[in-house]
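The values are calculated or read from the model by the stated rules, or taken from the named source; none is laboratory data. Note that the structure is predicted; figures quoted are calculated from it, not measured. A quick note on method: Cβ atoms are made from the backbone with ideal geometry, for glycine too, and the neighbour counts reach across all protein chains shown. Accessible surface is based on the protein model in full, side chains and every heavy atom, while ligands, DNA and RNA are left aside. Shrake-Rupley method; radii C 1.70, N 1.55, O 1.52, S 1.80 Å.
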Amino acid sequence: MKRVTIVGAGFAALTSAQKLRKLDPDMEITLVAPKPEFSYLPGTIWIPSGIREPEDLLINLEHFFRKHRVHFHQGSATGLKEGGRILETDNGEISNDGLVICSGGRFIKKLPGIEHSITPCEGIPAAMKIRERLKEMQGGTIAVGFAGNPKEPSAMRGGPMFEFLFGIDRQLRLEKRRDKFNLIFFTPAPSPGNRLGPKAVKGLLKELEKRNIRTHLGHKMKGFTDNKVTTEGGEFEADLILFMPGMTGNQWFDNTALPRSEGGLIRADRQCRVEGMDHVYVAGDSGSFPGPDWMPKQAHMADLQAETAASNLVAEFNGEVPDKTFKVELVCIVDSQTTGMLVARTEKHNLVMPQMAAFHWLKRLFEWWYLRQYR
C-alpha cells in the first residue's frame, strides 16, 4: 500500500485527493491543513453585496474525507526531510512514498503602508471587511488595484479585482448612491488584463469608461497611507483601498531544499514533477511551471495541474512513464453582480463575450455544481 501526503486544502489539494483515490482504491492518503474546511474563494466577490454569506462558501470537509477515505492531519507544513519522504509539520512528522504540494501562494506584502489596504483574495474575512466598510461609508473615493511579481509573471491575480470593482460599482448603483462615490482603478501594468488576452483588454477598458471609473495605469507602486495611494506617476486620495499584490512561495519552502524559481515558487516540469526530487509533485499556486507568461493562477488551472500530478505519481508507483501533461487554458467569467463577461484563452485561441445577464447566472450555477462534490 502506497502512502501519499497532500499539503493544503484548496482546489488543487482536493482534486488531487479525488484523482488519487479514483486511480488507486487502496492507497493511504493523508491531507495536511490547519482546518478541515474548504473556502470557495471565487464566490467572495458576492460577499460585499450580500449575495453570498460566509457560510455559503465555507465547506466542512469531514464528509469529503469520509467519502474518499482521506486521513486528515491537522497542522501546517514547516519543512521536509529525506528528499521529501518526511513532511515536517507543527503537529508532528508524516512519512510518505509520494508528496503532492498544494499549499497555495503567499501575497507579497512589502510595499510601505500596505496594511492600510484590504487584500480581497486573502479570504472570506477580507470580503466581510469590505462589506462592513461599504456600509459605513456615506461617500468618498474607492481605489481598487493589483500588481504582480516582476520575477514571476504568472504569480498574480488581476481578474478578481475587476470583479470586486465592477461589483461595487453595480452595488452602489442599485443602492442609488453611486453619485456620492469616485471609483479609481490602478495597476503598474499599462494594459490591465493583458493576461486575459488582447481582446479582453479592450473590453475591460471600455467597461471602465462606460462605468465612469477613473484609471491610473502604467506607474510603479510606491506605497499607501490610510487615505492615499502613491505611485511613481503621482498620488491620489482614497478612503477605501483594495489591493492585490503579486504572489510568491510559502514561507515554509525556505526551510527545505525545494528548487525555487526566481520569483520564489517551486520549480516543476509540465508533468508537475518537482525538479530533482523523486515522487514529489506540485500543483496550483505553489508551482512555477513552463508555459506562456499568461498562464493563470486560478482554480481551473489548479484543478488541471492537480489531476496531472496525481496521474503521474500513480504512474510512477506502477512502474510506468509519467508522461501526462496539463493543458494551459484560462476560462473565467468576469462578473459584475447582475451581468458577466466570458473570457477564454488557450495557446491558440482567445474568446471574449460581452457583458450578459446569462453569464452571471452561469457563474452562480457553476458554483452550485462545483460545490456539490464537497457538501
Exactly one condition in (1) open to solvent by 10 Å² or more (accessible area, probe 1.4 Å); (2) in the same structural domain as Gly193 (by the TED database); (3) in contact with a helix residue (DSSP H, G or I) (Cβ under 8 Å, 6 or more places away or on another chain) is not met by His279; state its number.
(2)
If you scan the stretch 61-84, which residues turn out to be open to solvent by less than 30 Å² (accessible area, probe 1.4 Å), over 13 Å from Glu37 (Cα atoms) and part of a helix (DSSP H, G or I)?
His68, Gly84
Residue that is farthest from Met27 (Cα to Cα), among those in the stretch 85-103 that are touching a Ser or Thr at 6+ places or on another chain (Cβ under 7 Å) and open to solvent by 30 Å² or more (accessible area, probe 1.4 Å)
Asp90
So if I check each of Phe289, Phe359, which one is modelled with pLDDT of 95 or more and within 30 Å of Pro48 (Cβ to Cβ)?
Phe359
So, Gly249, is that one closer than 27 Å to His116 by Cβ and touching a helix residue (DSSP H, G or I) at 6+ places or on another chain (Cβ under 8 Å) or not?
yes
Name the residues in the stretch 18-41 that are open to solvent by 60 Å² or more (accessible area, probe 1.4 Å) and assigned to a strand (DSSP E or B), would you?
Glu28, Glu37
Test: Met301 is buried (at least 19 other Cβ atoms within 10 Å of the Cβ), out of contact with any Pro (no Cβ under 7 Å at 6 or more places or on another chain) and in a loop (DSSP other than H, G, I, E, B)
no
Is the stretch 194-211 home to any residue that is crowded, with 20+ Cβ neighbours inside 10 Å, in a loop (DSSP other than H, G, I, E, B), touching a strand residue (DSSP E or B) at 6+ places or on another chain (Cβ under 6 Å) and modelled with pLDDT under 95?
yes
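Those residues that are of a type outside the set (A, V, I, L, M, F, W, C), outside any loop (DSSP other than H, G, I, E, B) and over 20 Å from Asn149 (Cα atoms), I need them from the stretch 256-282; list them, please.
Arg273, Tyr281
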Mind checking which residues of the stretch 306-347 are part of a loop (DSSP other than H, G, I, E, B), in contact with a Leu (Cβ under 7 Å, 6 or more places away or on another chain) and surrounded by fewer than 18 Cβ atoms within 10 Å (Cβ to Cβ)?
Lys327
Where Thr187 falls short, out of the listed (1) more than 20 Å from the chain's Cα centre (by Cα); (2) surrounded by 24 or more Cβ atoms within 10 Å (Cβ to Cβ); (3) not hydrophobic (A, V, I, L, M, F, W, C):
(1)
Applying the selection to the stretch 261-276, what residues are without any contact (Cβ under 8 Å) to a residue 24 or more places away in the chain and either acidic (Asp, Glu) or open to solvent by 30 Å² or more (accessible area, probe 1.4 Å) (or both)?
Arg267, Asp269, Glu275, Gly276
